[in-house]
1. For residues that are within 16 Å of the chain's Cα centre (by Cα) and of a type in the set (S, T, Y), scanning just the stretch 86-139, find the one that is farthest from G187 (Cα to Cα).
2. With the requirement that a residue be part of a strand (DSSP E or B) and among the β-branched types (V, I, T), what does the stretch 171-197 give you?
3. Got a sec? Which of T141, T171, T185 is closer than 21 Å to Q46 by Cα and polar (S, T, N, Q)?
4. Could you give every pair whose Cβ atoms fall below 6 Å, whose first residue belongs to the stretch 130-147 and is outside the structural domain of S72 (by TED's automatic domain parsing), and whose second residue is assigned to a helix (DSSP H, G or I) and surrounded by fewer than 18 Cβ atoms within 10 Å (Cβ to Cβ), counting only separations of at least 6 or pairs across chains?
5. Got at least one residue in the stretch 51-69 being of a type in the set (G, A, S) and either over 19 Å from I28 (Cα atoms) or not assigned by TED's automatic domain parsing to the domain that holds N205 (or both)?
6. Among the residues of the stretch 156-170, is any assigned to a helix (DSSP H, G or I), exposed (fewer than 14 other Cβ atoms within 10 Å of the Cβ) and hydrophobic (A, V, I, L, M, F, W, C)?
7. Considering only residues that are in contact with a helix residue (DSSP H, G or I) (Cβ under 7 Å, 6 or more places away or on another chain) and among the aliphatic types (A, V, I, L, M), look in the stretch 6-28 and name the one that is nearest to L100 (Cα to Cα).
Amino acid sequence: MLLLAVDTSGRNGSIALARCSPPNLCQILEVAALEGGTFSAQLVPQIASLLSAHGVSKNDLDAFAVVSGPGSFTGLRVGLAAIKALGEVLAKPIAPVSFLAVVAMAGQAQSKCLAALDAGRNQVYAGEYDGKRIVREQLLTMPEFLNFSKDFPVVTPDANVAAAVSSAGFTVLEGTRPRADAVATLGWQKIQSGEVASPQELEANYLRRTDAEIFSPPRQP
């Protein structure tokens, strides 16, 4: 199965092409970086270039994996829109992937932990991981997160989150930010277990409301 994975959730992003087969083999053919701020202009041409470099076309793709959140509102919309379009045209399965689950998996978490991402505004995206899946995801203030993290080891790619956890005296594993190859690996697991979405069902999981929602005036009765 030829799988295309996309991550546009962060400041920078990436795409990956992988050839996967049961039970857990996912050979990464290539990972290509996407520069932040220009996802909308880069994504489709980069996908076309990646496929061409390996002598395949979009019609050869068998499935997709895409980060559905949490992360940048604009970035997530770009990635999801592209995969929605491809999934619609090709009628292929799509695995929506939580980036918090990718972080936990990249940290090789074998038991309960908290996957954490800097959400800005002194807030943290936190995903409670039980060794197999994300149990729940929350947007927490830093004090709320530190109170919560005393019960779990924390896995994070963000230095400021790692520093805060370490300063509080709790266990933390800081790693590099996972790329789309990790998204492909987790997406393949989800596809095999039937955790897929149609283009119509595919939605972003922002965790945070947009500024427009936060600051819009209340509706008049």
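1. Across the stretch 86-139, the extreme among qualifying residues is Y125.
2. The one that is part of a strand (DSSP E or B) and among the β-branched types (V, I, T): V172.
3. Only one candidate qualifies: T185.
4. none
5. First, pick out the residues of the stretch 51-69 that are of a type in the set (G, A, S): 52-53, 55, 57, 63, 65, 68-69.
This time we only want the ones that are either over 19 Å from I28 (Cα atoms) or not assigned by TED's automatic domain parsing to the domain that holds N205 (or both), so: 68-69.
Yes, because at least one residue in the stretch 51-69 is of a type in the set (G, A, S) and either over 19 Å from I28 (Cα atoms) or not assigned by TED's automatic domain parsing to the domain that holds N205 (or both).
6. First, pick out the residues of the stretch 156-170 that are assigned to a helix (DSSP H, G or I): 159-167.
Applying the additional criterion that residues be exposed (fewer than 14 other Cβ atoms within 10 Å of the Cβ) yields 159-160, 163, 166-167.
Checking which are hydrophobic (A, V, I, L, M, F, W, C) leaves us with 159, 163.
Looking for residues that are assigned to a helix (DSSP H, G or I), exposed (fewer than 14 other Cβ atoms within 10 Å of the Cβ) and hydrophobic (A, V, I, L, M, F, W, C), one finds at least one in the stretch 156-170, hence yes.
7. V6
The values are calculated or read from the model by the stated rules, or taken from the named source; none is laboratory data. These figures come from a predicted structure and were not determined experimentally. Note that we place each Cβ from the backbone using ideal geometry, even for glycine, and neighbour counts take in every protein chain shown.
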